[in-house]
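Below is one structure; the comments refer to it alone.
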Amino acid sequence: METKGSPRYSIEIDEIDTSIIEKLRQDGRTTFAQIAQELNVSPGMIRMRYNRLVENDCLKVVAITNPLQTGYETMGLIGIRVDGSKLLDAANKIAEFDEVVYLVVTSGSYDILAEIRAVDHAHFLQFLTEKLYRIDGVRESESFIHLKIIKEIYF
């Protein structure tokens, strides 16, 4: 297993970097001055560290929406099985759909896991029949509708 500082990582992450990431993870609107005061360092140092983290793709600050509060009443996870030779092509096509908010190629029972947001159950069914099942190589899928989200973090 590789550790931080091994060639796999582009930069060394220390305690200050980790603290900056954690503060921004909790609230992306936290100012450099607030972070600097909590860490007892200068705002300039926080700005330099932040820029380094962003430039090295270690950190990206974005707005996160709550689909259930913005008109999407149905969310679900779909396990998808795909013909092996068409796996990455199918994954890239599925990723283009607006309903797909998260997609990973996996090992195990499913080749692809996709998280979907839909206006309602009819929209979810329409996604399956008119979009997903028309992708070349998709053999089968199993859908898991979210009933209640208990924990959701962004790391």
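Remark: for residue pairs LYS23/LYS86; LYS23/LYS131; LYS131/LYS151, the C-alpha separation exceeds 32 Å in LYS23/LYS86; LYS23/LYS131.
Which order results if GLU99, GLU15 are arranged by neighbouring Cβ count within 10 Å, fewest first?
Fewest-to-most Cβ neighbours within 10 Å comes out as GLU15, GLU99.
Note on the chain: semi-axes of the ellipsoid equivalent to its C-alpha gyration tensor, largest first and rounded to whole Å, are 38, 21, 12.
Subtracting the Cα-Cα distance of LYS151 and ILE16 from 0.36 nm times their residue separation leaves 45.9 nm of extension gain. Classify segment 1-63 as rounded, prolate or oblate from the Cα gyration tensor: take a ≥ b ≥ c as the square roots of its eigenvalues, call it rounded if a/c is under 1.5, otherwise prolate when a/b beats b/c and oblate if not. Judged from the Cα gyration tensor, segment 1-63 comes out prolate (a/c at least 1.5, a/b above b/c).
Report, in deg cm²/dmol and to the nearest 500, the calculated mean residue ellipticity at 222 nm for the chain, where each DSSP H run with n ≥ 4 adds -39500 (n - 2.57) and the sum is divided by the residue count. Walk me through the intermediate numbers first.
Details: 5 runs with 52 residues, N = 155.
Result for the chain, helices only: -10000 deg cm²/dmol.
Over all other residues within a Cβ to Cβ distance under 10 Å of PHE124, the charged ones net out to -2, with Lys and Arg as +1 and Asp and Glu as -1. Distant-in-sequence amide contacts of HIS146, defined by a placed amide H-H separation under 5 Å and a gap of 5 or more residues or a different chain, comprise MET75, GLY76, LEU77.
Only aspartates and glutamates eight or more places from LYS93 in sequence, or on another chain, were considered; those with a Cα closer than 12 Å are ASP136. By the Stokes-Einstein formula, at 1.306 mPa s and 10 °C, segment 67-145 with its Kirkwood radius over alpha-carbon pairs has D equal to 127 µm²/s.
Any read-out appearing in this document is the output of simple, stated calculations on the displayed coordinates, not a laboratory observation. Note that this is a predicted model, so its numbers are computed, not measured. Reconstructed Cβ throughout: ideal geometry from the backbone, glycine too, with neighbour counts over all protein chains shown.
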